[in-house]
Amino acid sequence: MKIWIVWLPNVGKSTLFNALTRNYSADAQNFPFCTIEPNVWLVNVQDDRLEMLRIAVSGAKIIPASCEFTDIAGIVQWASEWEGMGNKFLANIRESDAILQVVRIFEDNDIIHVHGKVDPRNDIEVINAELMLADIETLQKKIVSEAKKARSDKELLAKVETLQKVLEWLESWILASSQSLTPDERFHLYDSHLLSNKPFVYACNVSEDMMDASEDELRKLIWIENSQIRVVPICAKLEADMIDMWLQERKEFLDDMWLISTWLDNLIKTSYDALGLQYYFTAWEQEVRAWTIHKWDSAPKAAGVIHTDFEKWFIKADVVNWKDIVDCWGWSKAREQGKVRLEWKEYIVQDGDVILFKFSK
């Protein structure tokens, strides 16, 4: 899973990246464009279930799921026309699976805002406009190219009609992801790699005194009504303060704030959900591991994440819910108590399943 972090300069984007990766690889100074080269880091998805499973099966180690975050230079107005230092990265964003947009909510007179004042709604409009302008240029070129070939190809003609329809909506400032399109029309867009067609997650960078703000309050602040677009509160400064803390210190810090997990953990899980992803577990003495799959993946498809031969030669699978195997202290008692089910090729894997695949050539 590849997620690109984008937004205007000086909104706390690089501070958030450093907190995500728990180091200081991203330059987070108080001036625009302090980030020039992209910062890329593989981030583990924290999940307490892994440790509970490891204890239950006496596992030697844990291998969590992971996702790749890339921090780029702040995008500014007229980025689509290649003005400003960070805008060369617009083309690279097409490689991402999702876009994490960091929105500045906090007020701080000591931290410069590129537009002179904190205005979340305007910031979002600027960034989305640049993404859509880049998409408009992409579609205009593609329509010209495909139209020449479409005269004798009905399927290609339908694709061109879809591209033209989406282009008109974009010119009315409607994100491709928010447009009402059929599954076939979505398929027609697939190879265009539109920036505004990717899943969006908005990370609202709030001050410490706003940490209790509800999702509804944040949506009103940034004018995001579409429930399909995720909105998550984050306090990048507070998260950055925890970078140098030992594990026990972090736990005590969170306990003092009546929190089980950090806002970053919630952000990563929200990103997973936005992409339609989940994970299942394998749990043995050697290791306990989380494997990332798409929601609605069948058992053979899930097995193929481990090895392609597992999908090809899949026969059946032993499946147990993670909590059952924890409560039973391992596979043996879980089997004795009838918690382990035998599932076949048509089984749709659920988040939190612990699975033993069986296959034969």
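The values are calculated or read from the model by the stated rules, or taken from the named source; none is laboratory data. None of these values were measured; they are calculated from a predicted model. Cβ sites come from the backbone with ideal geometry, for glycine too, and all protein chains shown count toward neighbours.
Mind listing whichever residues of the range 264-292 are among the hydrophobic types (A, V, I, L, M, F, W, C) and closer than 16 Å to Cys67 by Cβ?
Filtering the range 264-292 for residues among the hydrophobic types (A, V, I, L, M, F, W, C) gives 264, 267-268, 274-275, 277, 281, 283-284, 288, 290-291.
Listed by number, the residues that qualify are Leu264, Leu267, Ile268, Ala274, Leu275, Leu277, Ala290, Trp291.
Does Glu252 count as surrounded by fewer than 16 Cβ atoms within 10 Å (Cβ to Cβ), at pLDDT 80 or above and in a loop (DSSP other than H, G, I, E, B)? Break it down stepwise before answering.
On the way: surrounded by fewer than 16 Cβ atoms within 10 Å (Cβ to Cβ): yes; at pLDDT 80 or above: yes; in a loop (DSSP other than H, G, I, E, B): no.
It is false that Glu252 is surrounded by fewer than 16 Cβ atoms within 10 Å (Cβ to Cβ), at pLDDT 80 or above and in a loop (DSSP other than H, G, I, E, B).
Have a look at Lys159, Lys149, Lys141 and point out the one that is over 25 Å from the mean Cα position of the chain (by Cα), surrounded by 16 or more Cβ atoms within 10 Å (Cβ to Cβ), more than 25 Å from Asp273 (Cα to Cα) and basic (Lys, Arg).
Working: Lys149 fails: surrounded by 16 or more Cβ atoms within 10 Å (Cβ to Cβ); Lys141 fails: surrounded by 16 or more Cβ atoms within 10 Å (Cβ to Cβ).
From the options Lys159, Lys149, Lys141, the qualifying one is Lys159.
Restricting the range 162-178 to residues that are among the polar types (S, T, N, Q) and closer than 19 Å to Leu275 by Cβ, which is surrounded by the most Cβ atoms within 10 Å (Cβ to Cβ)?
Ser177
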Within the range 316-328, can one find any residue that is in a loop (DSSP other than H, G, I, E, B) and not aromatic (Phe, Trp, Tyr)?
yes
Those residues of the range 154-185 which are closer than 15 Å to Asp135 by Cα and not aliphatic (A, V, I, L, M) amount to Thr162, Gln164, Lys165, Glu168, Trp169, Glu171, Ser172, Trp173, Ser177, Ser178, Gln179
Just one of Leu264, Leu275 is within 13 Å of the chain's Cα centre (by Cα), surrounded by 15 or more Cβ atoms within 10 Å (Cβ to Cβ) and either at pLDDT 95 or above or over 24 Å from Arg54 (Cα atoms) (or both); which is it?
Leu275
List, please: which pairs have Cβ atoms under 7 Å, are six or more places apart or on different chains, and start with a residue in the range 205-225 that is in a loop (DSSP other than H, G, I, E, B) and surrounded by 14 or more Cβ atoms within 10 Å (Cβ to Cβ) and end with one that is of a type outside the set (A, V, I, L, M, F, W, C) and at pLDDT 80 or above?
Val206/Pro233; Met211/Pro233; Ala213/Pro233; Ile224/Tyr202
Whichever residue in the range 80-133 is of a type in the set (A, V, I, L, M), assigned to a helix (DSSP H, G or I) and at pLDDT 60 or above and, among such residues, is surrounded by the fewest Cβ atoms within 10 Å (Cβ to Cβ):
Ala129
